[in-house]
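This report concerns only the one structure given below.
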Amino acid sequence: MKFPKDFLFGAASASYQVEGAWNEDGKGLSNWDVFSKIPGKTFENTNGDVAIDHYHRYKEDIKLMAEMGLESYRFSVSWARIIPDGDGEINEKGIEFYNNVIDECLKYGIVPFVTLYHWDLPQNLEADGGWVNKRTIRAFAKYAEVCFEAFGDRVKHWITFNETVVFCTLGYLNGAHPPGLVNDQKKYFQATHNVFVAHAEAVQIYKNLRQFGEIGITHVFNPAFSIDGKEENIFASMHANHYQTFWYYDPILKGEYPSYVVDALKEKGLTPDWTEAELTLLKDAADYNDFIGLNYYQPARVAKINETIESTKIDRDKATGKPGNPSFDGVYRTVMMEDKVYTKWGWEISSEGFLDGLRMLKERYGDVKLYITENGLGDEDPIIDGEIVDVPRIKYIEEHLTVIKSAISEGINLKGYYAWSVIDLLSWLNGYKKQYGFIYVDHKNNLERKKKLSFHWYKHIIETRGEEL
Ligand code: BG6
């Protein structure tokens, strides 16, 4: 079986992780420009000032993507490049840059798939309360409209937000992402709600413009499974799925929050400040949301605990996705299991968990259209005689694409796959050591690009539409 004709084979990146040019051509400061410079916040104090200099080398990079046969490129727009202070003047130079990137993609027939928010918030808004302040909702709606107006004639696929669960958890509970708050559960839930409202506003604006493209959101897909058949651990997996998945997916797809969480928040005095109008907007926008993007790296294996959590602050290395942390409410813990396989950074490799998770989604949300907007292996790639022989990455992607094929044959509505990442880039908390790309970037040699083994392999997969998988 080949992948269906309308299935897109792509790869992804994000502005802060590739662009660099942090203060060029009128770009404003982002929260990451500031946060990454606080000593100890990132691995070896790396930051995105230069990143891999995609801002100046996008032509070379997109040419390589074309050579790989990429059908679609998912990238994000840096809000502070478009509106430097978040909600004021528009920076024409920023518009020009993304026009160039989009046109360069189209020159090769590569479909641009654009994310509006991949974590780099204009610092001016962050300083005014960021996602907790409703001003940011209005600012996002304006920014989204500017992007639709500027690029919507050529961009027909829009993602509003990337991984709300990650930037809110790390930003408001764990102190590991901006704004660096610890254990602020009230702000955490408020921020998530404000993001969902901002998403809903953007969906409405987009549909009113009648540009006839599609719009959705990208979430982490981290389905939770009990470590065994014990009742208390099965309860833990149900609890984890409600807080980590349904709290994020329900408001987008069903237009309402899961009552299991809503009731608990009410009891604890953590209910976000939400208005009837906002709740109605969520309901209305859910009817127009076109798809969900899933970023799948690993499932969660969970066990019940009963702990009082004094502080949810975690060190940088514990904030990088390796299992072992208790949930913020002390109900369960994620667990590393002896019979599972893990990457060098302790992320479980499980294509079975992927398939089981997709089935879980279908059961809850029916035929919703899905894209895999990120999936891939973070590794320190082996270099032999100057060649980057990233065989483990090939194996990883092969397994996951094979699962997608079976999922499609089961009737799961999957329309595209974006490997993370198209090119080696800056990992927020792991610097340049953890590589994901099909294209290698030589940091010791003027950021020279080089094709990895996986580059040739993915090209073949695309050419043959995955027939051999
Ligand atoms: C996702 C993000 O969470 O995971 C990406 O959307 C990120 O931006 C990717 O780079 C991999 O994470 P890490 O920590 O391994 O770089």
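The values are calculated or read from the model by the stated rules, or taken from the named source; none is laboratory data. No experiment lies behind these values; they were computed from the predicted model shown. A quick note on method: Cβ atoms are made from the backbone with ideal geometry, for glycine too, and the neighbour counts reach across all protein chains shown. Protein only, heavy atoms only, side chains kept; ligands, DNA and RNA dropped before computing areas. Shrake-Rupley method; radii C 1.70, N 1.55, O 1.52, S 1.80 Å.
One residue stands out among those in the stretch 161-212 that are open to solvent by 40 Å² or more (accessible area, probe 1.4 Å) and farther than 14 Å from Phe328 by Cβ: the one that is nearest to the ligand (Cβ to nearest atom), which is Pro179. For the stretch 1-40, filtering for residues that are among the charged types (D, E, K, R) and modelled with pLDDT under 95 leaves 0.
Applying the condition of being near the ligand (Cβ under 8 Å from one of its atoms) and surrounded by fewer than 24 Cβ atoms within 10 Å (Cβ to Cβ) to the stretch 425-439 and asking which residue is farthest from Phe455 (Cα to Cα) yields Leu429. Pairing each residue of the stretch 422-433 that is closer than 20 Å to Gly40 by Cα with any residue that is within 8 Å of the ligand (Cβ to nearest atom) and not in a loop (DSSP other than H, G, I, E, B), provided the two are 6+ apart or on different chains, yields C-beta distances under 8 Å for Leu425/Gln17; Leu426/Gln17; Ser427/Gln17; Trp428/Gln17; Lys433/Ser427.
Within the stretch 440-469, if we keep just the residues that are open to solvent by 10 Å² or more (accessible area, probe 1.4 Å), in a loop (DSSP other than H, G, I, E, B) and among the basic types (Lys, Arg), the residue that is nearest to the ligand (Cβ to nearest atom) turns out to be Lys444.
Name the single residue that is nearest to the chain's Cα centre (by Cα) among those in the stretch 320-337 being among the β-branched types (Val, Ile, Thr) and within 16 Å of the ligand (Cβ to nearest atom). The selected residue is Thr320.
Every condition in (1) in a loop (DSSP other than H, G, I, E, B); (2) touching a strand residue (DSSP E or B) at 6+ places or on another chain (Cβ under 7 Å); (3) open to solvent by less than 70 Å² (accessible area, probe 1.4 Å); (4) not aliphatic (A, V, I, L, M) is met by Gly330 except one, and the failing one is (2). Check whether at least one residue in the stretch 24-38 is within 28 Å of Ser454 (Cβ to Cβ), touching a residue at least 24 places away in the same chain (Cβ under 8 Å), acidic (Asp, Glu) and open to solvent by less than 30 Å² (accessible area, probe 1.4 Å), and report yes or no. No: zero hits.
For the stretch 100-116, check the following and say yes or no: at least one residue is closer than 22 Å to Asn47 by Cα and open to solvent by 50 Å² or more (accessible area, probe 1.4 Å). Checked against the condition, which is being closer than 22 Å to Asn47 by Cα and open to solvent by 50 Å² or more (accessible area, probe 1.4 Å), the stretch 100-116 yields no hits at all. Screening the stretch 367-399 for residues that are assigned to a helix (DSSP H, G or I) and of a type in the set (Val, Ile, Thr) and picking the one that is nearest to Leu116 (Cα to Cα) gives Ile397.
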